[in-house]
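We did not get these values from a lab; they are worked out from the coordinates using the rules stated. A quick note: this is a predicted structure, and the numbers were derived from the prediction, not measured. Glycine gets a Cβ as well: all are built from the backbone with ideal geometry, and neighbour counts include every protein chain shown.
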């Protein structure tokens, strides 16, 4: 037997003896790398299955003028609920899927000032009279049970709610997405504490919880590993923006009582009732949805898969590479994350992010700091002269044409962004105000706008 035949036989024996499923297994190669040995050619993803995928939480805001009749009936219903032994009463809202929404004795939660609250097994509705809070008059929360029971990835439930809304508001109303969670339930993968070094996130902190109920930030991985704690939840991010959570859904069912989820999983022929199910969930808050122009339900339908893939990139689980610690985004994905990415069709990128309005006070303070440093180093006492000298230095460095290009680029960036100022004033006038006040340009709202025929500054306003 030749040397090549011997090495081939050895590789075949190693491949045959390799485990089919390793708990917490990591080690997938990047797609652009060829396997270097028989172990690298093993498909660790074949025993990992996505049992379910869809919307798990959805809050919709209804922007409509509520009728006085509805508000009066709501006040009467709330009073009756407060006097009822059961602390609820029939609400003036139409039934949803044949079930009445019951008015609660207490109003809705939150800072929106919601006075009225009605519930059924499927919906939670909060509404209010107009007040100082600039929020939607009505918010409808779809229950997880409703979203999964009707199927269609949650969209069948959305259609049912829209039909209910047309009955409540026959003249129509504007519906916006306030909160949106989507998730995928996996079986065949059980993450371990020792694997946490491969978590790559864009959030500042990573929260880790074990069966001991302790947070990792308090004691560290080593302490929990020594005690034999088992990983239960990994979370990162903020709820008003984007929050990612990976947790033991099987154990969570015992706390939430949502045992009906087993019926959802059982619809998948790959489901094994004896194995745990882990959930990967992304919670998209209003701030992030607005940033990427996901305002309406039509926007959400169009960009749902894009948001999902955005979440998988924002929070990913990879095989830690000690030889390349400086570039964690280059680490190969673990098999479970490969399966998650492959479970949804490829989609285009999200719409371009909105550009935040310039923080004019912050810009003014920055200019003030730079001007003060320049004056201190040059010995200049007149801010007008100092600004002229700064302008001349920048002109020599970039040239007038270079500065015009910079200006044009910034104007395009902020073209559609509303600001708190309007109009223009010559730089000399801006500096004169600063000199009279004796406090530099930090006491005015200002933004440098143009290099060219005389420096042009923004309109100013004394604080």
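So how do 394, 339 line up by other beta-carbon neighbours within 10 Å, fewest first?
394, 339
Cα centroid distance between the range 171-185 and the range 288-321, in Å?
Value for the Cα centre distance between the two parts: 14 Å.
What number in nm² do you get for the range 65-172 if you take the convex hull of its Cα atoms and divide its surface by four?
7.1 nm²
To make sure I understand, if each residue's beta carbon is the centre and we count other beta carbons within 10 Å, what order do 49, 327 fall in, fewest to most?
Fewest to most other Cβ atoms nearby, the residues stand as 327, 49.
How far apart, in nm, are two points set 7 Å out from the Cα along the Cα-to-Cβ line at residue 273 and at residue 204?
Simple spin-label model gives 4.7 nm for this pair.
With 10 angstrom as the radius, rank 247, 284 by how many other C-beta atoms surround their C-beta, starting from the fewest.
Placing the least packed residue first, the sequence is 247, 284.
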